[in-house]
């Protein structure tokens, strides 16, 4: 491969395609498969205890000698232990999300870790740049999982963030094809982060019942919920319907949090309880129609991206 | 101009760019300016009584000999009078929205009117095709004004609709630049419909206070509101804040409708009451930074579109 741009140079990968860190989906198996195929594989630490994360880092290293990253939600209660481990073990790239980029960026950078922060608005893009990140992910409201309060779509957010910062911009949300990748690159992105399609990959650690629900999803099957707690995009199911009915009736953040309980995403995504679990996935699931090896997904997207040049 | 594609051929225009019909913004002045510049100008009948519409059709014809269209929201109480007038006066192109495409398409087609229907989901795209429309507008949730319940973004909706129907697809929502036009054309669109940027044009009949508020808008300044009534994207102001507070507390559709009253959009958009009026505009307003002649907008977008080939 001769392709090179700011993102491939920054990350040392063949293609400017990053697999999103996703709770209960992206362990060492998925991350190493993506990295081996030439993209950036990402271990999602959000659903891991520090010891589990340690095992995933070791296993990912045994499975690939290519670069990979760890995604760290900054509000994680285990954040101190996670960051300590990441630096002690010499992890080279960290993608932070859901929090203040000022908290950890300079510490990580001093330890020779490259830092990318996920943002959903211009203000946090500027904050990230000021904190010294190497790149930002601009994630639109169509993305699965946690989401910004502004509800800005990828089509609007990418040019806004590109205009606001000079660090490279990675687009996320609504991207599951090479054409969508071309579209966001035209808007100014230097690379893409792809979640949902990799959640449905063979190597994803999600339960097969969840993967089947992803590929069966149609338009309108995901909605943004829990805006009074933390906005999150979910596949509609019994759990969503309950939450939605409460929200329609004006339930408070406290009441919603109580019903949520704990372990809901594990129950849905990892254990396959597709009725009562919390199923985080992107709107683009409506365009995903098969479960495939991560390598095939990556190369299919890349080749379609190349083919869409000149459309 | 030598450019030609399905949309330019269907509409007889130079560029596959349609100016959206918008209440209190798009009378004969804006429509004729866009048509004279080579796009498709559209008179928005949603805010017009039948006699007013008649005057706008006559004036538009005096101001341009190029094709123009009338946008007709199908739920308009004056729908019978509007459609009768459109056919009697020999209007050539109608864009219908907010209703069932089966209601009027065949009647219009029998009267040699070309029909385009605006959809926000796959189901209505298929229904439109079955009803015999000449094209569909696939409008994402970032668009201003009335919106679909699925909240599907343009980036996800355009490929979904393209896959579902064989009639030409016009993308709408989040498009205010040539790069965004290129992005949606890559996704499969055959043309674009642009609202917000024309709402802020010199020829828009909107009040200058509203136009100034559009160009001052930043990301997060519009939100989808009134989902229990008809979802509509609004600029945040006192009116929005009141509605939003009611919604947070579980207000019913009836309670919301009562507070809405009548004439709210006229008050905001046409009379310039930017605090208490209902300000319908798209999320892409965050990317619009000047009030310009419609012709300049059209040519700027078209030239940027041409320049973005090969990105």
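The values are calculated or read from the model by the stated rules, or taken from the named source; none is laboratory data. These numbers were taken from a predicted model, which means no experiment stands behind them. Methodologically, a virtual Cβ is constructed for each residue, glycine included, from the backbone with ideal geometry; neighbour enumeration extends over all protein chains shown.
Here is how the numbers come out for the structure above:
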| read-out | value |
| --- | --- |
| Criterion violated by residue B:119 - all others in (1) free of Cβ contacts under 8 Å to residues at least 60 places away in the same chain; (2) in contact with a strand residue (DSSP E or B) (Cβ under 8 Å, 6 or more places away or on another chain); (3) more than 14 Å from chain A (Cβ to nearest Cβ) satisfied | (3) |
| Residue within the stretch B:51-71 that is in contact with a strand residue (DSSP E or B) (Cβ under 8 Å, 6 or more places away or on another chain) and at pLDDT below 95 present | no |
| Some residue of the stretch A:127-146 being modelled with pLDDT under 95, farther than 15 Å from residue A:190 by Cβ and buried (at least 24 other Cβ atoms within 10 Å of the Cβ) | yes |
| Whichever residue in the stretch A:99-122 is crowded, with 23+ Cβ neighbours inside 10 Å and assigned to a strand (DSSP E or B) and, among such residues, is farthest from the chain's Cα centre (by Cα) | A:115 |
| Residue match in the stretch B:251-266 (condition: touching a residue at least 60 places away in the same chain (Cβ under 8 Å) and closer than 17 Å to residue B:222 by Cβ) | yes |
| Unmet requirement for residue A:206, which otherwise passes all of (1) within 13 Å of residue A:274 (Cα to Cα); (2) within 12 Å of chain B (Cβ to nearest Cβ) | (2) |
| Qualifying residue in the stretch B:241-258 (condition: closer than 24 Å to residue B:199 by Cα and outside any helix (DSSP H, G or I)) | no |
| Matching residues in the stretch B:44-62 - criterion: being over 10 Å from residue B:85 (Cα atoms) and either in contact with a helix residue (DSSP H, G or I) (Cβ under 7 Å, 6 or more places away or on another chain) or in a helix (DSSP H, G or I) (or both) | B:45, B:46, B:47, B:48, B:52, B:55, B:56, B:58, B:59, B:60, B:61, B:62 |
| Where residue B:171 falls short, out of the listed (1) over 16 Å from residue B:144 (Cα atoms); (2) buried (at least 24 other Cβ atoms within 10 Å of the Cβ) | (1) |
| In the stretch A:259-311, the residues that are surrounded by 15 or more Cβ atoms within 10 Å (Cβ to Cβ), outside any loop (DSSP other than H, G, I, E, B), over 18 Å from the mean Cα position of the chain (by Cα) and within 14 Å of chain B (Cβ to nearest Cβ) | A:304, A:305 |
| Unique match (being in the same structural domain as residue B:99 (by TED's automatic domain parsing), farther than 24 Å from residue A:189 by Cβ and in contact with a helix residue (DSSP H, G or I) (Cβ under 9 Å, 6 or more places away or on another chain)) among B:188, B:250, B:268, B:195 | B:195 |
| Selection from the stretch A:221-232 of residues that are in contact with a helix residue (DSSP H, G or I) (Cβ under 8 Å, 6 or more places away or on another chain) and facing chain B (nearest Cβ under 10 Å) | A:221, A:222, A:223, A:227, A:228 |
| Selected residue (criterion: farthest from the other protein chains (Cβ to nearest Cβ)) from residues of the stretch B:129-143 that are in contact with a strand residue (DSSP E or B) (Cβ under 9 Å, 6 or more places away or on another chain) and farther than 13 Å from residue B:170 by Cα | B:132 |
